Amino acid sequence: MAATSGSARLQRCMVAPAGRHSASLIFLHGSGDSGQGLRTWIKQVLNQDLAFQHIKVIYPTAPPRPYTPLKGGISNVWFDRLKISNDCPEHLESIDVMCQVLTDLIDDEVKTGIKKNRILVGGFSMGGCMAMHLAYRNHQDVAGVFALSSFLNKASAVYQALQKSDGLLPELFQCHGTADELVLHSWGEETNSMLKSLGVSTKFHSFPGVYHELSKAELEKLKSWILTKLPD
């Protein structure tokens, strides 16, 4: 039961479109953050909200759970993992529960009249990884996916799902700082080339000197990509 009733408990903050709502963007925060925290961070970097004339921006908050890298401490994380590394097994059970909860969020948008091909999903760090699982394993009909400072594990279930896929896949927009010491730039590059080899149309944007953080140049580039995927 918990998996399907989760959307009621998924706190979220939103930036409403200035005009008529015709598309939606789901932006997932990194580990230990919140939807409100991510929105505030983006606002600080851009000196304004990430806001559009026709796109609703939704920042959900991951429910608190025990997190192994914090020695089992409780944290707002989308899923559990053994460690922050690209060569350990994924904690698929927690990933799959969250895919179901986030599916409810997508369904909520569809119920308001927004078509799946007018919904983008993406995120920062762990949020970007979660978005790739959500889209490439469960919702290959969304408009696109973005992953900022993110990676997939070497034997990811995402790669396994794409090996069996023969349909059209959502485009991926991926960015990574070259000075990132938490999620290595090479992990992001490796993820990108694996996805490309499995048929995902994707570009990998490197940002010299950027750490594990959001940069203004990256967010401006993301904003213009969003508008190409979700035109008014």
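The values are calculated or read from the model by the stated rules, or taken from the named source; none is laboratory data. Given the structure is predicted, the values throughout are model-derived calculations rather than measurements. Neighbour counts run over all protein chains shown; Cβ positions are idealised from the backbone, glycine included. Heavy atoms of the whole protein, side chains included, go into the accessibility calculation; ligands, DNA and RNA do not. Shrake-Rupley method; radii C 1.70, N 1.55, O 1.52, S 1.80 Å.
Which Cα, out of GLN140, GLN160, VAL183, lies furthest along the positive dipole direction of the chain (beta carbon charges, K/R +1, D/E -1)?
In the chain, that residue is GLN140.
Students sometimes get this wrong: rank LYS56, LYS196, LYS164 by accessible area, probe 1.4 Å, all chains present, largest first.
LYS164, LYS196, LYS56
Give the lysines whose C-alpha is closer than 16 Å to that of LYS196, dropping any in the same chain fewer than 8 places away, or say none.
List returned: LYS154, LYS164.
Determine the calculated [θ] at 222 nm for the chain from helices alone, applying -39500 (n - 2.57) to every DSSP H run no shorter than 4 residues and normalising by the residue count; nearest 500 deg cm²/dmol.
For the chain, the value works out to -10000 deg cm²/dmol.
Tell me, what is the 1.4 Å probe accessible area of LYS221, in Å² to the nearest 10?
90
As a test question: what accessible area, to the nearest 10 Å², does SER206 have when a 1.4 Å probe is rolled over all protein chains in place?
Its accessible surface works out to 60 Å², give or take rounding.
Say each of ALA217 and GLU190 gets a label point 7 Å from the Cα, pointing the same way as Cα to Cβ; how far apart are those two points in nm?
In this crude spin-label approximation the distance works out to 2.6 nm.
Rounding to the nearest 20 debye, state how big the charge dipole of the stretch 12-227 is about its Cα centre with +1 on each Lys and Arg Cβ and -1 on each Asp and Glu Cβ.
So the magnitude is around 480 debye.
Quick one: what do you get for the chain if you divide its Cα Rg by 2.2 N^0.38 Å?
0.93
Find the relative contact order for the chain and round it to a whole percent, using C-alpha pairs within less than 8 Å whose residues are 6+ positions apart.
18 percent.
Express in nm, to one decimal, how much length is gained between GLU93 and LYS154 on full extension, taking 0.36 nm for each residue of separation and deducting their alpha carbon distance.
Computed gain between GLU93 and LYS154 is 20.2 nm.
Could you order THR202, THR68 by accessible surface area, starting with the largest, using a probe radius of 1.4 Å?
THR68, THR202
What lysines could a cross-link reach from LYS223, if we take a straight Cα to Cα line under 17 Å and drop same-chain neighbours fewer than 8 places away?
By straight Cα distance, LYS223 reaches LYS43, LYS56, LYS203.
Taking K and R as +1 and D and E as -1, what net charge do the other residues with C-beta under 12 Å from the C-beta of GLN140 add up to?
Taking every other residue near GLN140 into account, the sum is 0.
When the expected Rg is taken as 2.2 N^0.38 Å, what fraction or multiple of it is the alpha-carbon Rg of the stretch 65-146?
That ratio works out to 1.17.
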